[in-house]
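> Have a look at the structure that comes next, please.
The values are calculated or read from the model by the stated rules, or taken from the named source; none is laboratory data. In this text the structure is predicted, and so the values were computed from the model without any measurement. Methodologically, a virtual Cβ is constructed for each residue, glycine included, from the backbone with ideal geometry; neighbour enumeration extends over all protein chains shown. When the accessible area is computed, the model is the full protein with side chains, heavy atoms only, and any ligands, DNA or RNA have been set aside. Shrake-Rupley method; radii C 1.70, N 1.55, O 1.52, S 1.80 Å.
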Amino acid sequence: MAKKLGVSRIGKHAKSLLEIDKRYISPSYTRCYPFFIDHGEGAYVWDVDGNAFLDFTSGIGVSSTGHSHPRVVEAITGQARRFLHMSGSDFYYDSEIQLARKLSAVTPGRGNKKVFFCNSGAEAVEAAIKLSRYSSGRQYFIAFLGSFHGRTMGALSLTSSKSVQRARFGPLMPGVIHTAYADCARCAYGLTYGKCDIDCVSYIEDTIFKRNVCPEEVAAIFVEPILGEGGYIVPPPEFHPRLKALAAKYGILYVADEVQSGMGRTGKMFAIEHWGVVPDIVTIAKGVASGLPLGAAVAPSDIMQWEPGSHGSTFGGNPVSCAAALETIKLLEESLIDNAAKMGEYLMTGLRRMQKKSRHLGRLSGKGLMIGMEIVKNRRTTKPAPEVRDRIVEACFRKGLLVLPCGPTSLRFVPPLVIGREEADTALEILEGALSKVGKGRS
Ligand code: PLP
């Protein structure tokens with residue numbers, strides 16, 4: 001365990017490497033603060049100058065089993081000694097079929113499913129786009145405002161998180177209609193939960209299907225069970241069941257994008273299980289292989305019926321990534337999913353306590369270890385305060401806690417699923433210090 005965390009001044013090694021980074025790395029990346037990793041262990045990471053940090057980002061929700069979990073490293077090295085690559089698109093190997101069988105078993109819904117393997121979340125979404133068009137013979141898609149599905153042209157067409165992500169890349173894939181997500185605290189229709197008819201779902205049938213597109217032409221509805229990059233918004237209990245029923249009514253495929261919310265993060269293997277909904281297609285990436293690149297689209301065999309050559313990937317289902325994923329899933333099932341649920345509750349309790357003392361800490365949302373907190377000018381008015389949020393993120397970094405922003409004005413806790421009380425308490429303490437520091441300034 002790291003005793004002293006944080007950094008008061010950027011170290012000399014980081015400084016010189018940052019100069020090189022600036023010269024050679026694409027400026028399109030969004031770095032919030034200059035953390036330059038040297039190595040990691042569990043929930044802790046060390047920078048190139050030897051400073052330690054508690055990682056509550058998991059490298060954007062990826063390092064599910066913690067940094068370099070010994071059992072995952074063992075699985076990786078064992079596979080690496082045998083062979084690194086052969087391409088599952090053209091040949092056969094055991095780790096790929098074992099993982100496909102496991103994913104078929106752990107994704108919601110009974111019966112045999114099939115798996116298309118790729119390398120990332122965006123590629124998993126691309127596969128789901130293509131599969132839903134291919135299997136339905138329909139062209140259109142419904143997606144949600146605020147959603148993030150990736151940055152390749154198809155996935156980007158579904159994405160509606162920030163306009164900068166789409167700016168100057170048009171024209172995008174035609175046939176995508178965006179509609180409001182079930183964000184009850186900031187309802188797009190100005191309605192109040194409890195007094196509404198879950199209008200975010202009924203609008204699709206009453207308006208979109210009447211005015212924009214015939215439902216018989218819609219191939220799929222893409223939805224994040226919990227809005228991720230859009231702010232860690234948890235929809236009300238009725239939303240997913242109603243959406244699924246609407247999709248089923250018109251023979252539309254319901255695609256759950258579990259790239260961020262899946263693989264145990266929310267205290268269940270897949271977040272959609274919180275609502276008892278069985279999706280037609282599930283997209284998976286991020287935490288599935290503890291840090292090795294791997295994506296997957298999983299669908300029942302009667303949906304995943306495309307002919308040889310219709311879709312493929314040279315690197316998809318890389319054997320080393322598959323070996324890492326098999327060990328990751330073992331660890332999740334042994335204890336980490338339960339730990340995510342338990343530690344999520346613990347953190348949420350601490351945050352609720354903190355909220356009473358801080359004017360800036362607004363809505364708390366999320367499930368398990370997918371926790372979002374809105375930073376507002378004042379809790380009573382709930383006016384967004386993205387500039388205060390950014391200062392909090394920076395202040396946390398200085399004190400040794402790595403966090404990331406999300407949504408228009410939120411920051412998120414998305415730690416490795418291995419954290420215990422000690423890490424949770426440290427994170428809460430650092431966040432509280434950051435909140436009180438920025439609370440003293442004008443905002
Ligand atoms: N889908 C969701 C829900 C995501 O959160 C992300 C990334 O944040 C993606 C897809 C894209 O994943 P990747 O960055 O691996 O392409």
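> Can you tell me the Rg and the Dmax, both Å, for the Cα atoms in the stretch 295-443?
Expressed in Å, the Cα Rg and Dmax of the stretch 295-443 come to 19.9, 63.
> So what is the relative contact order for the stretch 70-332, in percent, with contacts set as C-alpha pairs under 8 Å and at least six apart?
32 percent
> For a quick check: with amide H placed at 1.01 Å from N, whose amide H comes under 5 Å from Gly267's, ignoring anything fewer than 5 positions away on the same chain?
Ala341, Leu369
> Work out how far the C-alpha atoms of the stretch 1-153 reach from end to end along every principal axis, then list the three figures in whole Å, largest first.
The principal-axis extents, from largest down, are 57, 40, 29 Å.
> Between the stretch 1-41 and the stretch 273-314, what's the alpha-carbon centroid distance in Å?
Here the answer is 34 Å between Cα centres.
> Quantify how much of the Cα-Cα distance distribution of the stretch 121-203 extends past 16 Å, in percent. Mind showing how you got there, number by number?
Numbers: 1938 of 3403 pairs.
Everything past 16 Å amounts to 57 percent.
> Across the stretch 404-417, in residue order, what do the Karplus-derived ³J(HN,Hα) couplings come to in whole Hz, using 6.51 cos²θ - 1.76 cosθ + 1.60 with θ = phi - 60° and x for Gly and Pro?
Karplus values, whole Hz, x for Gly and Pro: 10, x, 7, x, x, 8, 10, 10, 10, 9, 9, x, x, 6.
> Let me ask something else about it. Please report, as a whole percent, how much of the solvent-accessible surface of the chain comes from carbon and sulfur atoms (probe radius 1.4 Å).
The computed percentage sits at 53.
> Something else: Does the chain come out rounded, prolate or oblate by the C-alpha gyration tensor, with a ≥ b ≥ c the root eigenvalues, rounded set by a/c under 1.5 and, if not, prolate when a/b is larger than b/c and oblate if not?
It comes out oblate by the Cα gyration axes.
> With the Cα gyration tensor of the stretch 172-319 in hand, give its eigenvalues times 5 under a square root as the equivalent ellipsoid semi-axes, listed largest first in whole angstrom.
Computed over the stretch 172-319, the values are 28, 21, 13 Å.
> Right, here's the next one. In the Gaussian network model of the chain, springs joining C-alpha atoms below 10 Å, which of Phe91, Phe148, Phe209 carries the largest mean-square fluctuation?
Result: Phe91 has the largest fluctuation of those listed.
> Would you calculate the volume per residue, in Å³, of the smallest convex hull containing every Cα atom of the stretch 70-332?
Residue-normalised Cα hull volume stands at 129 Å³.
> Over the Cα atoms of the stretch 7-95, what is the Rg over Rh ratio if Rh follows Kirkwood?
Rg divided by Rh gives 1.08.
> Shifting gears a bit: Using a Gaussian network model of the chain whose springs link C-alpha atoms within less than 10 Å, name the residue from Tyr232, Tyr44, Tyr93 with the highest mean-square fluctuation.
Maximum among the listed residues: Tyr93.
> For the stretch 342-429, state which trypsin sites (Lys or Arg not before Pro) are in a DSSP loop and have at most 10 other beta carbons lying within 10 Å of their beta carbon.
Sparse-neighbourhood loop trypsin sites (Lys or Arg not before Pro): Arg380.
> Convex hull over the Cα atoms of the stretch 73-151, averaged projected area in nm²?
So the mean shadow area of the Cα hull is 7.8 nm².
> What are the extents of the Cα atoms of the stretch 1-48 along their three principal axes, listed from largest to smallest and rounded to whole Å?
The principal-axis extents, from largest down, are 35, 21, 16 Å.
> What number comes out for accessible area per residue over the chain if the probe is 1.4 Å? Units Å², please. Before the final figure, lay out the partial values.
Working: 20080 Å² over 443 residues.
Heavy-atom accessible area per residue stands at 45 Å².
> Take every Cα-Cα pair in the stretch 161-204 and report what % of them are more than 18 Å apart.
The calculated P(r) of the stretch 161-204 puts 44 percent of pairs beyond 18 Å.
> What's log10 of I(q)/I(0) for the stretch 186-236 at q = 0.16, 0.18, 0.25, 0.27 Å⁻¹, Debye sum over Cα points only, no solvent?
Summing over Cα pairs of the stretch 186-236 leads to -0.61, -0.76, -1.09, -1.12.
> Something else about it: Taking all pairs of different Cα atoms in the stretch 347-398, averaging 1/r and flipping that mean, what Kirkwood radius in angstroms comes out?
Here the Kirkwood hydrodynamic radius works out to 11.4 Å.
> Something else about it: If you average the alpha carbon positions of the stretch 351-394 and of the stretch 201-271, how far apart do those two centres end up, in angstrom?
Rounded to whole Å, the Cα centres lie 26 Å apart.
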